[in-house]
1. I'd like the residue in the stretch 46-67 that is surrounded by 13 or more Cβ atoms within 10 Å (Cβ to Cβ) and assigned to a loop (DSSP other than H, G, I, E, B) and, out of all such residues, is farthest from the chain's Cα centre (by Cα).
2. Specify the residue that is farthest from Met115 (Cα to Cα); the eligible residues are those in the stretch 281-312 that are in contact (Cβ under 8 Å) with a residue 40 or more places away in the chain and either basic (Lys, Arg) or more than 16 Å from ligand 1 (Cβ to nearest atom) (or both).
3. Among the residues of the stretch 123-143, write down those that are within 26 Å of the chain's Cα centre (by Cα) and of a type in the set (S, T, N, Q).
4. Name the residues in the stretch 296-314 that are in contact with a His (Cβ under 9 Å, 6 or more places away or on another chain) and either of a type in the set (D, E, K, R) or crowded, with 24+ Cβ neighbours inside 10 Å (or both), would you?
5. Step by step: first the residues of the stretch 252-276, then only those that are farther than 22 Å from Leu213 by Cα and within 14 Å of ligand 1 (Cβ to nearest atom), then the one that is surrounded by the most Cβ atoms within 10 Å (Cβ to Cβ). Which residue is that?
6. From the list Ala287, Ala312, Ala281, Ala268, which one is within 21 Å of the chain's Cα centre (by Cα), of a type in the set (A, V, I, L, M) and more than 24 Å from Met176 (Cα to Cα)?
7. Can you give me the number of residues within the stretch 105-125 that are in contact (Cβ under 8 Å) with a residue 60 or more places away in the chain, surrounded by fewer than 22 Cβ atoms within 10 Å (Cβ to Cβ) and of a type outside the set (Gly, Ala, Ser)?
8. Are any residues in the stretch 177-204 surrounded by fewer than 18 Cβ atoms within 10 Å (Cβ to Cβ) and either in a helix (DSSP H, G or I) or within 16 Å of ligand 2 (Cβ to nearest atom) (or both), and if so, which ones?
Amino acid sequence: MIVTVHNKQQVDAVQRELTARGLWIASVEDAPGGESLLVIAPFSAVVDPDELRRIPGVSAVAVPKSAWPLVRAMGPSLNVGGVVLSSQRPLVFAGPCSVESQDHIDSVAARLAGMGVAFLRGGAFKPRTSPYSFQGHGARALDWLRQAADRHGLRVVTEVMSEADAEAVAEHADVMQIGSRNMQNFALLRAVGKTGRPVLLKRGMAARIDEWLLAGEYLLSAGCQGVAFCERGVRGFDDSTRNLLDLGAVALLSHGERLPVVVDPSHATGRRDLIAPLVRAAVGAGAAAVMVEVHDAPGQALSDGAQALSTAELASLMQELRLGREPLPSVDPEATAHA
Ligand code: PEP
Ligand code: MN
């Protein structure tokens, strides 16, 4: 933001008013006609420009145009059929990496619902590095996931990998997940945006924050109701963990950009022993939700068992952090019916 001050004599007083509001003045510049320009650093506190316009001595406040105006206008919370994602009350998304069978997803869902988990996750379409690894059970797993969630009062988040599946996934999911590998698949972003469903947009593994926000802008400009940004780790130089969890990005998006952020410590680390400490850190950094892979027998999971907690481990972590304690509104089947 740039604050214009009528004349030089008023600069000190205006500067004091700005710093008292947590604003950081990056520079003071002379302007034609004896006015002065106070340039506010982008990392300053969030303040309503109209409040600044009322400070005596201020003649104008200019707010630079955003490259992601729809993302900026979204605000820090996202309402998904009555369930509100907000850092004021972080939610838990949990479930197996892949939907393994109808019975399996149903029994996991039953346990998670009893613990206060809000969203059931599980991949029907799996983006695997090798074409010879388990690829997911496809469309029939969408039915299993939806039925399990409905039976136990949970919402569904699941990945859509292809434009051809966008409608089918939108019919089954409350939130559609765009995976890390597809964050800049613009044709997919447009097709998913058109369905109107809210989206969990995972950060590309080598994506800059501006690229991530612009991917959100693609979704919103195509008609998407709202986007939650999911930090799942970026490629680092050290392979002790699967990826490098960028908690700075979580704080930047939640506190700086005031957006709903979800943190996925399972894919970020690849290690079940690091999930609990990073869930604590994610909540501290401003996450509106955490997404954790869970499995009743992690050693036998069809994918990503090494980064899954058992349901009992997740339950004790949730108790410790007092997550999922308040009851969620009941699932409205109409809300998930395709609009
Ligand atoms: C997932 O959540 O199932 C997944 C594949 O994650 P990512 O896109 O972050 O690798
Ligand atoms: Mn996984």
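1. Taking the candidates together, the pick is Gly57.
2. Gly286
3. Thr129, Gln135
4. Within the stretch 296-314, Asp296, Asp304, Gln307, Ala308 meet the criteria.
5. Out of the qualifying residues, it is Ser266.
6. Ala281
7. 2
8. Within the stretch 177-204, the subset surrounded by fewer than 18 Cβ atoms within 10 Å (Cβ to Cβ) is 181, 184, 186-187, 190, 194, 196.
Within the stretch 177-204, Arg181, Phe186, Ala187, Arg190, Lys194 meet the criteria.
The values are calculated or read from the model by the stated rules, or taken from the named source; none is laboratory data. Here the structure is a predicted model, which means the values were calculated and not measured. We place every Cβ from the backbone using ideal geometry, glycine too, and count neighbours over all the protein chains shown.
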